[in-house]
Amino acid sequence: MCGIVGMISQKPVNQRIYDALLLLQHRGQDAAGIGTLDGLTFHMHKAMGLVRDVFRTRNMRDLTGCAGIGHVRYPTQGCASSNEESQPFYVNAPYGILFAHNGNLTNAQEVAAELYNQDRRHINTSSDSEVLLNVLADELMKIVPPSGYFTAEVAFEAVKGVHKRVKGAYAVVALIAGKGLLAFRDPNGIRPLCFGTQKQADGTTDYLVSSESVTMVGLEYDFVRDLAPGEAIFISKDREFFSCQCAENPQLNPCAFEYVYFARPDSYIDGISVYGARLRLGEYLANEVAEHLNLRDIDVVMPIPDSSRPCAQQLAEKLKLTYREGFIKNRYVGRTFIMPGQEMRKKSVRQKLNAMPVEFADKNILLVDDSIVRGTTMREIVRMARESGAKKVYVASSAPRVMYPNVYGIDMPTRSELICGHGATAEEVARQIGADAVIFQTVEGLKGALKDLNPNITRFDCSCFDGEYVTGDIDATYLDNLEASRSKPVKPAKDDEE
């Protein structure tokens, strides 16, 4: 998962893009980058680390210009961590394109080979984002007339070509030198993307494109709407706005895990309040807890901060159980789920959370978490609860069992890494993490909670829970190959003539 932002204005954008990335830091802590356009010159700075650590005053001074894009990275496809794969990416033709991407392509290897063998384009990293950039550049090269006359329609025709060539999840912002800002979303709308406006004193309009609506509030932009699945928008260098549906059969299938865990609670995604979704998940989870546990055996409901707090509060209220905060979070430690490496996740749990024994001593505790993915974090948390004096420790997950790889941009790509990857039951998970019982949300409950808040969305991507992949190109063979090539980078095949 990554966070992207694009901005075009009459004033310098470097500080505002920096501020937007701070608001999207939860979407990626591995690397950060900003690229700006000043006249026909791109300026870029990117490096490993948090936004606050990557950018210094000297870097910000160099990022001149009134248009730019930014990116925070959480590694999925390709190498785990390297500065070469930090974004934005750049190609010099046509015109010069600066590019940032959130998501994951499911046919990256095939397209990389096609780019190398047929289009003679070199992919210098193992990132599928660079593959996607080169597809966009290649499509633009095919469409731009010899005279070089560029219109929004040219950009939209290129995006139509992209949709036909690549599969998977992608939300994109791209800055085209001398032309404008292009943004588009995959035909299933798996990854989020929205835009907002800000009226200026002279009557003109500045534009902001972002992964989440929280950036609009933080930067005092008016939220306009989410991009539709398959839609592209183009804002010219003179800040003229154009939009076009570029997919043949678009259908909105937003990622359910955005609402469960990834997105900020103060964001709206496709008409659904993330905070409201987590409250609603608490109501559905309460039904499961009441069915599987004796409520008189629960003394306290306790969240694992922070994303599970709304769910735990709503669950406790509905079941008329006592709610307490028993874990204090160190906010200077990153989110353990998106830390690379299992040992790093395990080590960081006790750095991240501290238990208060007074809330655990001689009590039966119901711990509520947003999800149980690998089980590493929860195993340590259960141990901490017992060490703090809890008599019994029950665990409830606001998400269903994570049983399948996520191939659309979330780092749970192989079944062997998932605690439920081979169909483990709730009882088996309880034994593995040391809990007295584990209660999972049902898939039906997850979908029901989200549909309650926006009945117009008929389907959500719940592939990591139910194994139904909305792009239609994922089968058992694909997943087996993914597991086998977990550590292998994306490389183009050799030229057919060799």
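Please treat every number below as a calculation from the coordinates, not as lab data. All values derive from a computational prediction rather than experimental measurement. Every residue, glycine as well, gets a Cβ built from its backbone with ideal geometry; the counts of neighbours run over all protein chains shown.
Compute the distance from the alpha-carbon center of the range 400-447 to that of the range 117-190, in whole Å.
What the calculation gives is 36 Å, centre to centre.
Output needed: percent of Cα pairs per 10 Å distance bin for the chain, bins running from 0 to the one holding the longest distance.
Final binned percentages: 4, 20, 30, 25, 14, 6, 1, 0.
Mean 1/r over all different Cα pairs, inverted: what Kirkwood radius does the range 201-283 give, in Å? Mind showing how you got there, number by number?
Values: mean 1/r = 0.0681 Å⁻¹.
The answer is 14.7 Å.
How large is the helix-only mean residue ellipticity at 222 nm for the chain, computed as the sum of -39500 (n - 2.57) over DSSP H runs with n ≥ 4, divided by its residue count, in deg cm²/dmol to the nearest 500? Before the final figure, lay out the partial values.
Working: 16 runs with 154 residues, N = 498.
Calculated at 222 nm, the ellipticity per residue is -9000 deg cm²/dmol.
Quick one: if the Förster radius is 56 Å, what FRET efficiency do Ile328 and Ala201 give, using the C-beta to C-beta distance and rounding to 0.05?
Details: r = 46 Å, r/R0 = 0.82.
Given R0 = 56 Å and the Cβ-Cβ separation, E is 0.75.
How big is the convex hull of the Cα atoms of the range 349-498, per residue, in Å³? Provide the component values of the computation, followed by the final result.
On the way: hull volume 22.7 nm³, N = 150.
Hull volume over Cα atoms, normalised by residue count, gives 151 Å³.
Assign one of three labels to the range 131-290, namely rounded, prolate or oblate, based on the Cα gyration tensor with a ≥ b ≥ c the square roots of its eigenvalues; rounded applies when a/c is under 1.5, prolate when it is not and a/b is larger than b/c, and oblate otherwise.
Details: a/c = 3.21, a/b = 1.57, b/c = 2.05.
Judged from the Cα gyration tensor, the range 131-290 comes out oblate (a/c at least 1.5, b/c at or above a/b).
Can you give the angle from 0 to 90° between the axis of helix 342-352 and the longest principal axis of the chain, with both taken from C-alpha atoms, to the nearest 10?
That works out to roughly 70 degrees.
For the chain, what proportion of DSSP beta bridges, expressed in % and rounded to the nearest 5, is antiparallel? Each step should come with its number before you reach the end.
On the way: 68 of 84 bridges.
Bridges in the chain are about 80 percent antiparallel.
By the gyration tensor of its Cα atoms, with a ≥ b ≥ c the square roots of the eigenvalues, what is the shape of the range 387-439: rounded for a/c under 1.5, prolate for a/b over b/c, or oblate? Mind dumping the intermediate values first?
Working: a/c = 2.58, a/b = 2.20, b/c = 1.17.
The shape class here is prolate.
P(r) of the range 1-157 in 5 Å steps, Cα pairs, percent per bin?
Here the calculated profile for the range 1-157 is 2, 9, 18, 20, 19, 16, 10, 5, 1.
Students often check this: by mean Cβ neighbours within 10 Å, which of 245-256, 314-325, 184-195 ranks highest, and how do the rest follow?
The packing order, highest mean first, is 184-195, 245-256, 314-325.
I need the P(r) histogram for the range 181-239: all alpha carbon pairs, bin width 5 Å from 0 out to the longest distance, whole percents.
Using 5 Å bins, I get a P(r) of 4, 19, 28, 23, 17, 6, 2, 0 for the range 181-239.
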